[in-house]
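A.B. asks: So that we are looking at the same thing, I have put the structure below in structure tokens.
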Ligand code: 5GP
Ligand code: MG
């Protein structure tokens, strides 16, 4: 895998430190509240797993599967499709949706719309990466670990052709 990496843009240590800091903010903001954290699969899997282990109080976890990319193409489909919805009921809960990256915003706009139908008490977004330059939808990250430039990255949950998700860092591939 490593032979295909052009450059590491966020090291394992940098990610670890930042995830811990964001988790601390979440702990302060949600202590004493009923919280459900919803991860967006597959990309948000690693970030979700690391983030929730810093939360010391009771929290419910669920996932939603959303398709935005076709096969191994690096171009997003025009619409995001929810292909597997949450099972938990979030009425009366505070909700945080966790994803790997906020890019055009289509994935999270669709996910939020679906969750809002259940009337949760509140809903916020937490992403590892934020690519502000590519935004098409009016979606704002309430918690964001890193702003990145408009480049295609892999690792820490993010894939290319379903590979590289298990890299512990964020990197750009050789072209
Ligand atoms: P959006 O719907 O915001 O355009 O895209 C969000 C989804 O597209 C992310 O959850 C992620 O799966 C994918 N995505 C966006 N940018 C990148 C990127 O740079 N690398 C990878 N691997 N996936 C990306
Ligand atoms: Mg995704």
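Conditions (1) in contact with a helix residue (DSSP H, G or I) (Cβ under 8 Å, 6 or more places away or on another chain); (2) modelled with pLDDT of 95 or more; (3) more than 16 Å from ligand 1 (Cβ to nearest atom); (4) farther than 20 Å from residue 144 by Cβ, marked per residue:
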| site | (1), (2), (3), (4) |
| --- | --- |
| 34 | no, yes, yes, yes |
| 48 | no, yes, no, no |
| 76 | yes, no, no, no |
| 104 | yes, no, no, no |
| 111 | no, yes, no, no |
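A.B. asks: For region 51-155, which fully contained strands (runs of 3 or more DSSP E) count at least 1 residues that are free of Cβ contacts under 8 Å to residues at least 24 places away in the same chain? Reasoning before the result, please.
C.D. replies: Numbers: elements: 60-69, 76-84, 94-102, 122-130, 143-147.
In region 51-155, the matching strands (runs of 3 or more DSSP E) lie at 60-69, 76-84, 143-147.
A.B. asks: Something else now. May I ask you to list the residues in region 22-49 that are in contact (Cβ under 8 Å) with a residue 60 or more places away in the chain and assigned to a helix (DSSP H, G or I)?
C.D. replies: We begin by selecting, within region 22-49, every residue in contact (Cβ under 8 Å) with a residue 60 or more places away in the chain; these are 22, 25-26, 30, 33-40, 42-47.
22, 25, 26, 30, 45, 46, 47, listed by residue number.
A.B. asks: Considering (1) buried (at least 17 other Cβ atoms within 10 Å of the Cβ); (2) modelled with pLDDT under 95, say which one residue 134 fails and leave the rest.
C.D. replies: With respect to (1) buried (at least 17 other Cβ atoms within 10 Å of the Cβ); (2) modelled with pLDDT under 95, residue 134 is out only on (1).
Let's see how each residue does on (1) touching a strand residue (DSSP E or B) at 6+ places or on another chain (Cβ under 8 Å); (2) closer than 22 Å to residue 92 by Cβ; (3) exposed (fewer than 12 other Cβ atoms within 10 Å of the Cβ); (4) modelled with pLDDT of 95 or more:
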{"site": "9", "(1), (2), (3), (4)": "yes, no, no, yes"}
{"site": "18", "(1), (2), (3), (4)": "yes, no, no, yes"}
{"site": "29", "(1), (2), (3), (4)": "no, yes, no, yes"}
{"site": "39", "(1), (2), (3), (4)": "yes, yes, no, yes"}
{"site": "42", "(1), (2), (3), (4)": "yes, no, no, no"}
{"site": "45", "(1), (2), (3), (4)": "yes, no, no, yes"}
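The values are calculated or read from the model by the stated rules, or taken from the named source; none is laboratory data. Remember, it's a predicted structure, so these values are computed and weren't measured experimentally. All Cβ positions, glycine included, derive from the backbone under ideal geometry; neighbour counts span all protein chains shown.
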